[in-house]
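Student: The following block contains the structure, expressed as structure tokens.
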Amino acid sequence: MAKDKVVVDLSSQADMDFKPTLHDVHRVLDEEIVGEYESRLSLFTNWILANQNVLMSGPRSSGKTWITDRVLAFLGDSVFTMSSGSDKSSWYQMEAVNRSTHVRILELNKCPKDFLETLKDWGEGKDSVYKTTVVDGGERRVRSFKLPRKPFVFCLADEDEMKVGEQLMSRLTRIRTDSSLSQNTAVLKWQAELAKEPANRKRVDEEFKTKLIYHVRTLPAYESFDYKHPAADLFVDVIPKMFTDCRRDFQKYLANTYGITRFYWKERIISQQPGKKRMLFVTPQDMYLNHEVYGQTLVESALKCSAVEREMIKIVEHLDVATKNMVQSKLREMGISISIHMVAKHLNALADLGYIVKSKEGVQVVYKSAEHEAFTFQINWDKVIDRCVSEVKRLYPNIADQYIQKYCEKPMVIHPFTGKVIDLRKQESAPKQYSRDTLAYYQKPAVQEVVVE
């Protein structure tokens with residue numbers, strides 16, 4: 001049987017003249033994914049670029065697996081797919097796992113028992129070790145097998161009763177698919193267009209796509225750099241602090257920024273340190289791209305509230321006093337069918353988190369709207385750029401002039417979704433606001449387009 005190819009660092013073979021943008025990735029994903037701009041690019045930046053662990057969540061048939069399959073196409077055969085098997089089957093496939101760079105789990109509830117323990121180890125950032133007794137030369141000895149930590153992704157429907165342990169969940173980025181009526185309509189219209197038109201009009205040039213995929217596969221290893229973020233302190237307030245997991249969430253936010261910087265490594269300043277990792281410097285452009293792609297995803301993940309649960313919060317708020325049966329009835333009117341058992345579990349989880357209040361009226365359990373505060377954050381990009389200037393002068397004077405000239409004097413960036421060139425100095429810093437009752441996204445700063453001749 002032919003051996004699988006060993007994954008090696010191919011960055012020395014990279015085409016240094018080919019310098020794509022995240023908008024190019026967006027265009028490729030747009031070929032086959034309708035909408036889901038932030039969720040699909042968040043998966044790409046968080047899982048592929050930043051080597052983080054991701055849970056894709058949403059209702060049944062909302063496109064979780066479809067999005068994941070389209071994104072992992074950038075990795076090709078360097079992805080190991082774990083399906084069902086015996087308790088020890090993951091260890092039988094140890095060599096294949098070790099040769100991969102990333103791991104996808106098809107169905108978590110059918111995952112081998114031992115591999116679930118491996119995921120917990122990987123979620124904690126550790127390698128997973130399995131010890132077994134073997135007979136060697138007539139003597140019994142303990143032999144250890146190791147599965148080095150790999151970034152993994154799995155999909156889980158909101159309606160699925162399979163629950164992820166709290167410890168593992170806190171180490172995941174939870175990316176939710178869009179289950180809105182407008183998204184459903186957009187998908188149906190796109191399906192109709194594909195059935196009618198002779199070819200997919202969104203098709204990207206194949207030669208360009210091949211170069212883009214090669215760019216991704218020849219990125220330097222994420223762990224090969226020591227990332228320096230000269231304005232990190234200005235982004236502390238983008239994370240909701242109502243749960244202690246915010247400490248991990250901020251690390252995820254920074255890691256995603258570093259992943260984006262890694263994607264643009266051919267255009268970034270790299271400083272070699274004798275006997276140490278190379279330093280890769282984050283730019284204001286990377287910070288902006290990270291915030292546009294990943295900011296909303298991270299906030300929703302940090303607030304620990306699924307799309308279905310958000311709808312339940314709004315139903316309870318509207319009804320003032322609600323029972324589980326009333327909530328189930330309203331969900332069905334919205335086209336969301338969930339068992340009464342799962343409705344109760346979701347409502348109880350929301351009550352535990354403080355989003356709603358659970359009480360008894362006679363023998364009946366009822367739910368009411370809870371006191372809440374809005375979570376808002378605002379980023380002043382002028383201040384971010386100025387902080388970058390002052391901090392690189394103070395901390396890294398040897399690269400300060402080059403850094404300021406390249407990234408701060410004319411801080412232009414290509415927007416990841418629109419493809420327009422914008423001037424960060426002219427970018428409005430209007431606040432984004434999330435409310436704890438509806439978690440609705442109220443306002444997003446308008447993109448001010450400055451076309452570069």
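The values are calculated or read from the model by the stated rules, or taken from the named source; none is laboratory data. Predicted model only: the values in this text are computed from it and were never measured. Don't worry about glycine lacking a Cβ; one is built from the backbone with ideal geometry, like all the others, and counts go over all protein chains shown.
Student: I'm told Ser61 meets every condition in (1) over 30 Å from Glu124 (Cα atoms); (2) hydroxyl-bearing (Ser, Thr, Tyr); (3) at pLDDT 85 or above except one. Can you identify the failing condition by its number?
Tutor: (3)
Student: Considering only the range 312-383, give the strands (runs of 3 or more DSSP E) lying wholly within it that have at least 1 residues that are out of contact with any helix residue (DSSP H, G or I) (no Cβ under 7 Å at 6 or more places or on another chain) and more than 30 Å from Ala231 (Cα to Cα).
Tutor: 356-361, 364-369
Student: Then there is this: Checking Ile48 against (1) surrounded by fewer than 24 Cβ atoms within 10 Å (Cβ to Cβ); (2) at negative phi; (3) in contact (Cβ under 8 Å) with a residue 40 or more places away in the chain: exactly one of these is not met. Which one?
Tutor: Status for Ile48: all satisfied but (1).
Student: Moving on to the next point. Which numbered condition trips up Met94, out of (1) surrounded by fewer than 22 Cβ atoms within 10 Å (Cβ to Cβ); (2) modelled with pLDDT of 75 or more?
Tutor: Every condition holds for Met94 apart from (2).
Student: Ok, one more. So which helices (runs of 4 or more DSSP H) are wholly in the range 169-287 and hold at least 3 residues that are modelled with pLDDT of 95 or more and in contact with a strand residue (DSSP E or B) (Cβ under 8 Å, 6 or more places away or on another chain)?
Tutor: 246-263
Student: Still on this model: Quick one: Lys196 ticks every box in (1) surrounded by fewer than 16 Cβ atoms within 10 Å (Cβ to Cβ); (2) in contact (Cβ under 8 Å) with a residue 12 or more places away in the chain; (3) among the basic types (Lys, Arg) except a single one, so which number is it?
Tutor: (2)
Student: Can you find a residue in the range 366-378 that is without any contact (Cβ under 8 Å) to a residue 24 or more places away in the chain and either more than 30 Å from Met412 (Cβ to Cβ) or touching a strand residue (DSSP E or B) at 6+ places or on another chain (Cβ under 7 Å) (or both)?
Tutor: Within the range 366-378 (the criterion being without any contact (Cβ under 8 Å) to a residue 24 or more places away in the chain and either more than 30 Å from Met412 (Cβ to Cβ) or touching a strand residue (DSSP E or B) at 6+ places or on another chain (Cβ under 7 Å) (or both)), the answer is yes, since at least one residue qualifies.
Student: Ok, one more. Since Tyr355 meets every condition but one in (1) within 28 Å of the chain's Cα centre (by Cα); (2) over 19 Å from Arg60 (Cβ atoms); (3) modelled with pLDDT of 85 or more, which condition does it not meet?
Tutor: (3)
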